[in-house]
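The next block holds one structure in the form of structure tokens; read it before the comments.
The values are calculated or read from the model by the stated rules, or taken from the named source; none is laboratory data. All values reported here derive from a predicted model rather than from experimental measurement. Quick reminder, even Gly has a Cβ in these numbers, built from the backbone with ideal geometry, and neighbours come from all protein chains shown. All accessible areas refer to the heavy atoms of the entire protein, side chains included, with ligands and DNA or RNA removed. Shrake-Rupley method; radii C 1.70, N 1.55, O 1.52, S 1.80 Å.
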Amino acid sequence: MGHNAGLIYAPVNTDDVVETIGEGSHDVATLCSSSQIKKWAKYKPVRYDKPSELTEAERQSVSFGLAFGYIAQATSAAVNLLANLQSAVPAVPAWTYAAPRPGTDWCRLTDFLNSTNAANPGYNHNAKPPISGFRDLTLFQSEFGSASKVYNFNFKWGDSSNQGANDTSGIEIPINKLSSTITDGTWRFGLLVFFPQSGKFKVALACAPSAISASVTQPGNFMIRPAATGELSSLYAAAFSAGNKELDAIPVLVKDASRTNATGSADRWTVQASSQFISMPLGEKIKIKLSDRFSNVAITFNSI
């Protein structure tokens with residue numbers, strides 16, 4: 001069969017790859033290192049020191065060629081981001097794909113084939129990232145501090161059919177295949193929210209109530225509550241009173257975040273020196289729009 005509708009099947013030749021990814025060369029090294037390769041595909045060329053066809057385990061050992069983007073990685077940077085005023089909203093890196101380097105790495109045309117069953121589709125040019133669907137968010141005054149306000153998105157944390165939320169179509173590499181610790185109860189989804197203060201930004205963290213776990217079957221618990229702490233409630237109210245109607249926020253995967261047991265404005269999510277903030281696959285930022293519930297309502301009366 002070769003290829004069809006963005007999918008590559010065994011046996012594969014350079015014609016199949018050229019027509020599927022849109023590359024102009026039939027050189028194997030050029031095809032295996034092409035910038036046209038969809039990085040979210042499970043079966044694609046990766047850097048691995050072996051001349052023959054790879055196994056599924058070998059692909060996973062190099063995280064299918066993907067690497068997270070880090071905003072703060074395993075240092076006190078995570079603590080400093082929340083503890084100190086920031087001069088700017090940081091750049092948000094997209095996740096990267098390390099394709100083979102011709103002349104340095106093996107370039108195998110068989111990397112485009114399914115390692116588990118060659119009869120099944122291999123490379124998928126329509127593959128989607130493990131996490132997606134980030135849109136701007138509107139918070140009404142009545143929702144400041146509310147745990148019932150939920151920020152929804154699409155994600156898949158494991159291979160099982162119940163280990164996903166919302167639209168998981170096209171997701172081939174769940175996030176637990178990129179890091180073995182993702183489902184051990186130390187990671188959760190969050191939002192870094194930037195509140196203007198004195199020409200700089202106070203950064204606060206909003207999180208999902210539950211950490212990601214392979215045993216959890218209610219993915220709604222993994223969804224972010226963007227306004228659910230006393231600290232966030234106070235910060236939103238102060239920002240709105242000061243005339244700020246739009247805030248910057250960065251969706252993140254957070255390692256080692258915990259919620260304090262205090263009440264009032266001291267109720268907040270905190271991190272420690274070992275914590276990490278991982279960006280979303282495309283390096284997404286969003287806007288949180290603050291509004292009175294009736295501020296955008298227009299009423300028109302027509303006479304008869």
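Let's see how each residue does on (1) surrounded by 18 or more Cβ atoms within 10 Å (Cβ to Cβ); (2) modelled with pLDDT under 95:
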position	(1), (2)
Phe134	yes, no
Gln141	no, no
Ile175	yes, no
Ser179	no, yes
Thr183	yes, yes
Of the candidates Lys38, Lys44, the one satisfying the condition of being touching a residue at least 60 places away in the same chain (Cβ under 8 Å) and open to solvent by less than 20 Å² (accessible area, probe 1.4 Å) is Lys44
Suppose we keep only residues that are open to solvent by 40 Å² or more (accessible area, probe 1.4 Å) and among the small types (Gly, Ala, Ser) within the range 267-286. Which one would you say is farthest from Pro129 (Cα to Cα)?
Ala273
Would you say Ser198 is among the hydroxyl-bearing types (Ser, Thr, Tyr) and farther than 15 Å from Leu290 by Cβ?
yes
Quick one: which strands (runs of 3 or more DSSP E) sit completely within the range 186-284 and have at least 1 residues that are among the charged types (D, E, K, R) and at pLDDT 95 or above?
187-197, 200-207, 246-259
So, Ser87, is that one within 23 Å of Ala273 (Cβ to Cβ), open to solvent by 40 Å² or more (accessible area, probe 1.4 Å), at pLDDT 95 or above and of a type in the set (Gly, Ala, Ser) or not?
yes
Give the residues of the range 13-28 that are aliphatic (A, V, I, L, M) and either without any contact (Cβ under 8 Å) to a residue 24 or more places away in the chain or open to solvent by 30 Å² or more (accessible area, probe 1.4 Å) (or both), sorted by residue number.
Val18, Val28
Go through the residues of the range 110-117 one by one and say whether even a single one is in contact with a helix residue (DSSP H, G or I) (Cβ under 6 Å, 6 or more places away or on another chain), assigned to a loop (DSSP other than H, G, I, E, B) and either without any contact (Cβ under 8 Å) to a residue 12 or more places away in the chain or farther than 20 Å from Ile286 by Cα (or both).
yes
In the range 104-145, residues that are of a type outside the set (Phe, Trp, Tyr) and under 25 Å from Ile8 (Cα atoms) total 25
Hits in the range 156-175 - residues which are in contact with a Pro (Cβ under 6 Å, 6 or more places away or on another chain) and either over 14 Å from Lys42 (Cα atoms) or not in a loop (DSSP other than H, G, I, E, B) (or both):
Lys156, Trp157, Ala165, Ile171, Ile175
Checked the range 66-95 for anything assigned to a strand (DSSP E or B) and free of Cβ contacts under 8 Å to residues at least 40 places away in the same chain; matches are Ala67
Qualifying positions in the range 287-304 - at pLDDT 75 or above and either surrounded by fewer than 12 Cβ atoms within 10 Å (Cβ to Cβ) or in a loop (DSSP other than H, G, I, E, B) (or both)
Asp292
